[in-house]
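Peer 1: Sharing a structure below in structure tokens format, with a few things to ask.
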Amino acid sequence: MILTLHGSGPVGVRGNVVRLDAMKAFYVHAELDRDRAETEHMTAPAASKRPFRWHIAIFLAPAVLVYTAIMILPLFGTLQLALFRNIAQSQVFVGLDNFRTLFGDPNWSVNFWNALRNNVWFFIIHMLVQNPIGVVLAALLSSPKLHFSAFYRTAIFIPTILSFVIVGFAWKLILSPLWGVAPNLLDLIGLKSLFTPWLGKEDYALTTLGLISVWQFIGIPMMLIYAALLSIPDEVIEAAECDGVTGMAQFWKIKLPLILPAIGIISILTFVGNFNAFDLIYSAQGALAGPNYSTDILGTFLYRAFFGFQLQVGDPNMGAAIATMMFLIILVGVCIYLFLIQTRLRRYQF
Amino acid sequence: MSKATVSLPRSAAAHAVLLAYTVIALFPVFIIVINSFKSRNAIFRTPMAPPTTETFDLVGYRTVLAQGDFLQYFQNSFIVTVASLFFVLLFGAMAAFALSEYRFRGNKLMGLYLALGIMIPIRLATVAILQLMVASGLVNTLTALILVYTAQGLPLAVFILTEFMSGVSDDLKNAGRIDGLSEYTIFFRLVLPLVRPAMATVAVFTMIPIWNDLWFPLILAPSEGTKTVTLGAQMFIGQYVTNWNAVLAALSLAILPVLILYLVFSRQLIRGITSGAVK
């Protein structure tokens, strides 16, 4: 599940993607079901006579209250703050002025577009590296009669449970030219000349961090695709074998189309996780996302704008404007997934 | 599955690839932990070797325990994680029970509303959350973190538990009703024990992001008394960046508890992820 959650901790949220699947049906049929429920409600004579059922309200109240007060209202509060500005100690409504500043004022826009570009590249690295490796590992793990598969599963998932702080620093030490672990390793395979301090060079730093993040999260696509592969019924595989489709051909023609929905879910969760990432960059490169802002992504940009850092004074309204942009980007991504990609992926019911 | 596809070279190749990736996954963790037990000279001279009797040194751990207040940080993380987990599970299960058990006007809409938080990260609301916490005087308290993490964990918990609860047999609940049990008793005595496996899955998924989060402790509770272990380790390492023994020891101290918990619960976690498939 990512998730992350995201933020919702990425791990948290991503892990449960299997069920998110069901969410789609949920979305599409919500209206329909509600109508049906209401009709039934009205036609059942017992229902209309029933007194107000307090226990339903009591069961729902704590969750709805906490969720609304701490998540939904602040979310809209943040969107609203983006339309105000602090002038002479009071909040004044300025319409879209903050966004005009964000896009037009070179002090902001250069950083914003840089962060957005970096974030897109960060996401592309994940899609290009994480998904193929995840598919290969899952396909190998799910091969029949594989010994030690539980061991491999457990071991490959370990980086995913570690915090970004640990991962960021651990890799920073390993890649450090001072310590020499990375050059030593490259020396073993005769490639020592390739070594440079990757995290310290503008050209490589972001890509390196993207790969570190892939290293950390590979467990999630692996597990979800593994789950999807296990859910393919034996009859389908046996039918393929009867038709002489085996080995690689079987994988490309039979299994891959069947796991495409799982890959779709992983992609959208990666998207949401990447566009609100922060911790890894902050731990490895600090809030300034060095060298020279080359690893700045929207999360670190938001942190500096809103909370302030060193010489920069924090500005909650500009922070809110950036958060609003992140919200819109994520919303667009989720909508594209739900309405364009998800509806075109063919799903098979067994 | 069929046995026809299994051949010796194929399975040897599979093992080779998986083993290679396992090494890639574990190597960084391994190298950090073994070096944390070595003296400063050995760390630099032979970084790849495990500690020997000559190079064994706990100076890093002594520095960490003397300088950083890690026990306090652990305690904070523990309180925040356990309390948030308790509220997420309790409130989430209650809401899931209401959604799965009763037909009422707006049922689906409520489910949809609570599910929104799965896709939209709570982090985007940070600006207004900080204002809220400042206004209510909760900045630099563990309560602030517990509230935020409870809200963060609820959407997914409700979503998963609703699915599981709709699988609990109606006959059982109706038998309870005929025996005169209240709806509350039915929920706490009959339904909750039956969905315990699902609760464990939700617990693991909720726990890891809370324990590992850096963003909210950094913004809502950065004071010395309320630092979590993730933030504490981050700041400690930032200060002692040139003291390699201390940094490695701090990293190891942050890795080990999570690692041990994971090894204990890995079966549960992995079953939770794959349970959509394995029937």
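The values are calculated or read from the model by the stated rules, or taken from the named source; none is laboratory data. On a predicted model such as this, the values are computed, not experimentally measured, just so you know. Heads up, the Cβs are rebuilt from the backbone with ideal geometry, glycines too, and the neighbour counts pull from every protein chain shown. Keep in mind that these areas ignore ligands, DNA and RNA; they rest on the heavy atoms of the full protein, side chains included. Shrake-Rupley method; radii C 1.70, N 1.55, O 1.52, S 1.80 Å.
Peer 1: From B:Leu263, B:Leu220, B:Leu231, B:Leu259, which residue is at the interface with chain A (Cβ under 9 Å from one of its Cβ atoms) and crowded, with 19+ Cβ neighbours inside 10 Å? If you could, list the steps in order and put the result at the bottom.
Peer 2: Details: B:Leu263 fails: crowded, with 19+ Cβ neighbours inside 10 Å; B:Leu220 fails: at the interface with chain A (Cβ under 9 Å from one of its Cβ atoms); B:Leu259 fails: crowded, with 19+ Cβ neighbours inside 10 Å.
Among B:Leu263, B:Leu220, B:Leu231, B:Leu259, only B:Leu231 is at the interface with chain A (Cβ under 9 Å from one of its Cβ atoms) and crowded, with 19+ Cβ neighbours inside 10 Å.
Peer 1: If you scan the stretch A:319-333, which residues turn out to be open to solvent by less than 10 Å² (accessible area, probe 1.4 Å) and either closer than 18 Å to A:Leu269 by Cα or more than 8 Å from chain B (Cβ to nearest Cβ) (or both)?
Peer 2: Going residue by residue through the stretch A:319-333, those that are open to solvent by less than 10 Å² (accessible area, probe 1.4 Å) are A:319-323, A:326, A:330.
Correct list: A:Ala321, A:Ile322, A:Met326, A:Ile330.
Peer 1: Can you find a residue that is of a type in the set (Val, Ile, Thr), closer than 29 Å to B:Ala144 by Cα and within 23 Å of the chain's Cα centre (by Cα) anywhere in the stretch A:83-97?
Peer 2: For the stretch A:83-97, residues of a type in the set (Val, Ile, Thr), closer than 29 Å to B:Ala144 by Cα and within 23 Å of the chain's Cα centre (by Cα): absent.
Peer 1: Further, regarding this structure: Which is in contact with a Lys or Arg (Cβ under 9 Å, 6 or more places away or on another chain), hydrophobic (A, V, I, L, M, F, W, C), crowded, with 17+ Cβ neighbours inside 10 Å and not in a helix (DSSP H, G or I), of A:Ile232, A:Ile266, A:Ile220? Break it down into steps so the answer makes sense when it comes.
Peer 2: Details: A:Ile266 fails: not in a helix (DSSP H, G or I); A:Ile220 fails: not in a helix (DSSP H, G or I).
Of the residues listed, the single one that is in contact with a Lys or Arg (Cβ under 9 Å, 6 or more places away or on another chain), hydrophobic (A, V, I, L, M, F, W, C), crowded, with 17+ Cβ neighbours inside 10 Å and not in a helix (DSSP H, G or I) is A:Ile232.
Peer 1: Give the residues of the stretch A:149-182 that are among the basic types (Lys, Arg) and facing chain B (nearest Cβ under 7 Å), sorted by residue number.
Peer 2: Restricting attention to the stretch A:149-182, the residues satisfying the condition of being among the basic types (Lys, Arg) are A:153, A:172.
A:Arg153, the sole residue that qualifies.
Peer 1: Out of curiosity, is B:Thr81 assigned to a helix (DSSP H, G or I), crowded, with 16+ Cβ neighbours inside 10 Å, over 23 Å from the mean Cα position of the chain (by Cα) and in contact (Cβ under 8 Å) with a residue 40 or more places away in the chain? Please lay out each step first, then the result.
Peer 2: Details: assigned to a helix (DSSP H, G or I): yes; crowded, with 16+ Cβ neighbours inside 10 Å: yes; over 23 Å from the mean Cα position of the chain (by Cα): no; in contact (Cβ under 8 Å) with a residue 40 or more places away in the chain: yes.
Here the answer is no, as B:Thr81 does not meet what is asked.
Peer 1: Here's something else I'd like to know. Being outside any helix (DSSP H, G or I) and touching a Pro at 6+ places or on another chain (Cβ under 6 Å): is that true of A:Pro144 here?
Peer 2: Numbers: outside any helix (DSSP H, G or I): yes; touching a Pro at 6+ places or on another chain (Cβ under 6 Å): no.
No; evaluated as a whole, the condition is false for this residue.
Peer 1: Collect the residues in the stretch A:277-307 that are of a type outside the set (A, V, I, L, M), away from every other protein chain (no Cβ under 11 Å) and open to solvent by 10 Å² or more (accessible area, probe 1.4 Å), keeping them in residue-number order.
Peer 2: Matches in the stretch A:277-307: A:Gln285, A:Gly290, A:Pro291, A:Asn292, A:Tyr293, A:Ser294.
Peer 1: Looking at the structure I just gave you, is B:Leu90 open to solvent by less than 30 Å² (accessible area, probe 1.4 Å) and either assigned to a helix (DSSP H, G or I) or in contact with an Asp or Glu (Cβ under 6 Å, 6 or more places away or on another chain) (or both)? Show your work before the answer.
Peer 2: Numbers: open to solvent by less than 30 Å² (accessible area, probe 1.4 Å): no; either assigned to a helix (DSSP H, G or I) or in contact with an Asp or Glu (Cβ under 6 Å, 6 or more places away or on another chain) (or both): yes.
Taking the combined requirement at face value, the residue does not satisfy it.
Peer 1: Using beta carbons and a limit of 7 Å, which pairs, at least six apart or on different chains, have the first residue in the stretch B:109-136 and under 19 Å from B:Ile219 (Cα atoms) and the second one part of a loop (DSSP other than H, G, I, E, B) and open to solvent by 10 Å² or more (accessible area, probe 1.4 Å)?
Peer 2: Listed by first residue and then by second, the contacts come to B:Met133/B:Val139.
Peer 1: Of everything in the stretch B:163-187, what is modelled with pLDDT under 90 and among the hydroxyl-bearing types (Ser, Thr, Tyr)? Give them in sequence order.
Peer 2: Correct list: B:Ser166, B:Ser169.
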